[in-house]
Structures are given as C-alpha cells and as structure tokens.
Amino acid sequence: MELKSVDAALLQKAVLAAAKGLEAKKEWINELNVFPVPDGDTGTNMTMTIMAAAREVAAIENPTMESIAKALSSGSLRGARGNSGVILSQLFRGFTKEIKESNEITVTSLANAFTRATETAYKAVMKPKEGTILTVAKGMAEKAVDLATQTDDVIDFLTQVIEEGDYVLSQTPEMLPVLKQAGVVDSGGQGLMQVMKGGLDGLLGKGIPFDAVAPAAGNTESAKPKVAAGSDDLSTSDIKYGYCTEFIVNVEKAYDMDEEQKFKGYLESIGDCVVVVSDDDIIKVHVHTNHPGLAFEKGLTYGSLSRMKIDNMREEHHERLIQNASNVAQTPETPAEAKKEEAPASNEPRKPYGFIAVSIGKGLGEIFKGIGADYLIEGGQTMNPSTEDMLNAIEKVNADVIYILPNNKNIILAAEQAKSLVEDKKIFVVPSRTVPQGIAALINFLPDLSPEENLENMTSEMGLIHTGQITYAVRNTNIDGMEIHEGDIMGIGDSGMLAVGQNVNETVLETLKHLVDDESELISVYSGEDVTEEDAAALVEKVQAAFPNCEVELNDGGQPIYYYLLSVE
C-alpha cells in the first residue's frame, strides 16, 4: 500500500488505533518496571493519558486537522498521568502545533512534527535523562528528518521510522545501567513504540476498533480527588451559588491576557470558585453561579461552546446528606463526631496559604489533614493522579498561594504541568518524592516566611529525611547487585534497593541499618493495610531493641502494596 498524504479523517482513525494499540499492551508495559514491585504503572499511565485524548478525538463528527489537533493536545494535557504520561502529552502537544494548520500531512510535515514533538517534550523535563522515552522519540525524529528527502510514501516513511525507534529502544539498557541490570528496556519508550505501531495500523486499516464509551484503564474511581474537608455539615441554605457550571470555549475571536481578565471578572461578578484555564485555542471554564445561562452567553462572545455541564449543588448536597445519614444508621458503632467535617474552604474567606497532598490510605490521609492539608488527592504508587485531578484540587482550595505535595517522584511532573495552567493563584510544587518527605515538608511550613522562602525551607527540611519502603517482588530480576526472586520482601530506599529477604521484619531491620546513622534521633514506622496491629507492635519492639538510641514512633498508614513506610531523621 502506498500513501502520499494523510487527511483529517485518516488521522482520526490513526489516533484512535494508536490509543487501542497502547491499551492492548498496557499490562506488558507495566511489567517492564525496573523495580519488580506490584505497582508498575507506566503502561497504565500512558494508556489513561492517550485515552483521555482519544475520547475527545472520537467525539469529532466532521474532523478537520485543526479540530483533531485541539482534541489530541488538550485531551492528553488534562488527562496526563505520571512522568511517562506527561511526556507523552508533551509529544502530542508539539506534534499538533506543527500539523494543526495543514489540510493534509505529508512525510515532510511528519518529519517537522516529530522534531517539534521531541523538542517540546525535552523542554518539559527539567533534567532530561537519556535511555528513556525521550531518547526513543529523539531517535525517531532524527530518522524522520533523514527519510523526508528519500521517500514521499507515508507508509514506507513510518515503517522505517518505527524500525529506528525499535532499535533505539533496544539500546536503552546500554544507556541506563539500571535497565541492563533488570534485563528490561525502558517502559516509557516501549509505550511510545506501541503508540506508533498502533497509529500505523490505523493508517493501514487494521487497527483495533475504538470504543469511545469504554473506561480508560485501571480503576478510574480511585483516581478521583478526595476532599480533605467535606461539606456534610453545610446547610443547602448556605450554598450562595447553586449551580456548578463547566464548559469549554473553542476560541474563534481575539483572546489575549486582557480579555481573559475581563472574562474572569465577569464570571466573578455572577458567581464564585472561578477557574479559567487557556490552552492554545481552547478555554476551560468552571464557575459556581445562580445563572449558568449568563456564563454560557459570555463564553459565546469568544467562540463556540462544548462539554457544557451544570450540576445542582443544593440538590446533590441534599442527596449526599440523606446517603450519609443512611451510612451512619447502618454503622451505629461509628461515633457521630467521626462523620463531622468542616465546610469546604471555598465557602470561607480566601486564605493566604493552602496545601494539597497526594496520599493513599486512611491513616496517612488523617495524618496529612492533622498537620494542615486542605485537600487530599487519592493516589500514589498504585494510581498516579492526572493533571486535571491537580487542577480540580487547586480549584477547591480557596487560597492565594497553594503548595502541592506530590509525595511520589512519578507525580511531580503532572503537578508542574498543572501549575503552568493556573493563573489566578500562585502555585508551588514541593518536590516530595515519598510520603514521609511530604509530612516533613508540611510540618516545617512557617507562616512568617515568604512563599519562596517557605518552598526553600520545606524542600531543605524534607531533604534531611531518609525513607524506606517495604514491599514484595512480583518477578525475578537483579538490581543494585542483589538477586531478587518473585515473592521476596524488598526494602527500597531513596536511591535504590537496600535489602532483600524472605521475612518482613528482618527486611525492615536490614533496611533501617542503611538509613540510621549516628545523628539519627527518630524512626517513624507507617504500617500498611495488610499489617495487623499486633504485627506492627511486635515490629516496633524489635526496631527499638535494635536501635536503642532512637525514638521509635508507630503510625497506622493504611497504605496498600507496602507493608511499611519508614522514615529516619
């Protein structure tokens, strides 16, 4: 088959086939995780990212290159999860900027688009590392530039670009020793190759059919933001603006910073909780108001509307009160005060500072709330929240300055991406890579310091924390010179593997030997959901005996997957 160019209709098929091609290999990609932990999520994150975009692309009835570019860029941007998902969204963002004004795509425009995609993705990562998805993307872009002068057949062009991508992917273990030790290629790079191969299948008419109503991947419910301070005690009469109104404006007229401020000012005059996020030619709007029609009419002055959604908050709140009352009645042993929570921050005067923490596990959530977190996003190792989850959380916190605590290295990039989309609040991302680091950072917030000084102080203080995570291996591998077998208990530190054993308590003690030094004073142990109180108490006794110069503190974390989280300071 020979193909000289790709029109909008064919590109739409290619995007949908690319999404299904990645989804089909999701679990296989997850298994390429370097650490053999039961939460490898690269495949899941990339799949959920591209599916968010694909559903928008699938909804276009009469596709144009511009409409597909908008849907692919904005959908993947908001749906991006994890580092791999964010990088994939940036690849799409750069790609679509190059092709959005074309009527058809040729090998020349493809080569330019691949180059721009790679440049955009590299710029999004503060410290790009070779041997990753970025390297694979760069290798294909360079090959595309070479091929653009050698062939005008899109199918032949993409076939050779994919062959080059597979080769570069095969070389990633030579670039990153940790991949070579584990005997795997880079999982993000593998995911990108599945996107490319699925897209080519779509052009050839043999891609997997796309079901637009199918869930993205994984348990999407677990990724929904959870409010740290609920609204159960708020009377419906206290809800000043009754309709939660959301819509997207497809910009068709001049829209600059001045116009955006005017738009926000108008929305604030008819409601509150105003969020206006601009992305190229799309404006995402959220407002609580008593007159949704006025918000829609104002939006229409800038262009056409889509994704219009109105929720009656008084009605929903009333239903929630009934449901909560039913829940309490069914669990009489639960103290009434345990159900009582504060009103949402958005109904109170705007605060100077607010805090968002990513956490999973009831105990850890209570700890974060207890030390000042305004809003919890449920997520972590087992489910990375998306950029849109971050934006929703930012919307809920009524503060001038908001600090986000990702508490996982794979969530920091999504938080940074959300930060770049917010203009009405000052956002600071505290680069916490573990839950104990996040707890240390939040505890060390000082109201008298400036926002920038606080970021520096919180980052500095959490850097003094040494952390460990105790979990089990899901496959055989070799990491950091340690031979690991499926079912082994592993102790993972801030920089790599610290201990491997067959017994949880023994592995904890061995891990702590690497974390505790002569300056250490406090060992904090956070027990997981699969650990009984008796087992946790017995472990603490052993830890205290092994490290008599340290105070040992036990907390019920309730986290899944990890038997224990450890913190030494």
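The values are calculated or read from the model by the stated rules, or taken from the named source; none is laboratory data. Bear in mind the structure is a predicted one, so any value in this text is a computation, not a measurement. Note: ideal-geometry Cβ built from the backbone for every residue, glycine included; neighbour counts use all protein chains shown.
Out of all the residues in region 96-103, is one or more within 25 Å of residue 385 (Cα to Cα) and over 18 Å from the mean Cα position of the chain (by Cα)? So that I can check it myself, show each step before the final result.
Restricting attention to region 96-103, the residues satisfying the condition of being within 25 Å of residue 385 (Cα to Cα) are 96.
Then drop every residue that is not over 18 Å from the mean Cα position of the chain (by Cα), which leaves 96.
The answer is yes; a qualifying residue exists.
Report whether or not residue 476 is modelled with pLDDT under 95, assigned by TED's automatic domain parsing to the domain that holds residue 354 and surrounded by fewer than 22 Cβ atoms within 10 Å (Cβ to Cβ).
Details: modelled with pLDDT under 95: yes; assigned by TED's automatic domain parsing to the domain that holds residue 354: no; surrounded by fewer than 22 Cβ atoms within 10 Å (Cβ to Cβ): yes.
Criteria not met by residue 476.
Every residue in region 442-458 that is of a type in the set (S, T, N, Q) and either in a helix (DSSP H, G or I) or under 17 Å from residue 400 (Cα atoms) (or both), please. Can you show your working first?
Residues of region 442-458 that are of a type in the set (S, T, N, Q), as a first pass: 444, 450, 454, 457.
Once the filter is applied, which keeps residues that are of a type in the set (S, T, N, Q) and either in a helix (DSSP H, G or I) or under 17 Å from residue 400 (Cα atoms) (or both), region 442-458 yields 450, 454, 457.
Could you grab me the full set of residues in region 528-544 that are surrounded by 15 or more Cβ atoms within 10 Å (Cβ to Cβ) and in contact with a strand residue (DSSP E or B) (Cβ under 6 Å, 6 or more places away or on another chain)?
536, 540, 543
Report whether or not residue 298 is at pLDDT 80 or above, not assigned by TED's automatic domain parsing to the domain that holds residue 377 and not hydrophobic (A, V, I, L, M, F, W, C). Full working, then the answer.
Details: at pLDDT 80 or above: yes; not assigned by TED's automatic domain parsing to the domain that holds residue 377: yes; not hydrophobic (A, V, I, L, M, F, W, C): yes.
Spelling it out, residue 298 is indeed at pLDDT 80 or above, not assigned by TED's automatic domain parsing to the domain that holds residue 377 and not hydrophobic (A, V, I, L, M, F, W, C).
Quickly run through region 511-527 and pick out the residues that are surrounded by fewer than 18 Cβ atoms within 10 Å (Cβ to Cβ) and polar (S, T, N, Q).
520, the sole residue that qualifies.
Go over the candidates 275, 287, 249 one by one and state the one that is modelled with pLDDT under 80 and part of a strand (DSSP E or B). Before the answer, list the steps.
Numbers: 287 fails: modelled with pLDDT under 80; 249 fails: modelled with pLDDT under 80.
None of the other options fit; the residue is 275.
Could you list, ordered by first residue, the pairs with Cβ atoms under 9 Å in which the first is in region 180-200 and at positive phi and the second is surrounded by fewer than 21 Cβ atoms within 10 Å (Cβ to Cβ) and in a helix (DSSP H, G or I), at least 6 apart or interchain?
Correct list of pairs: 183/173.
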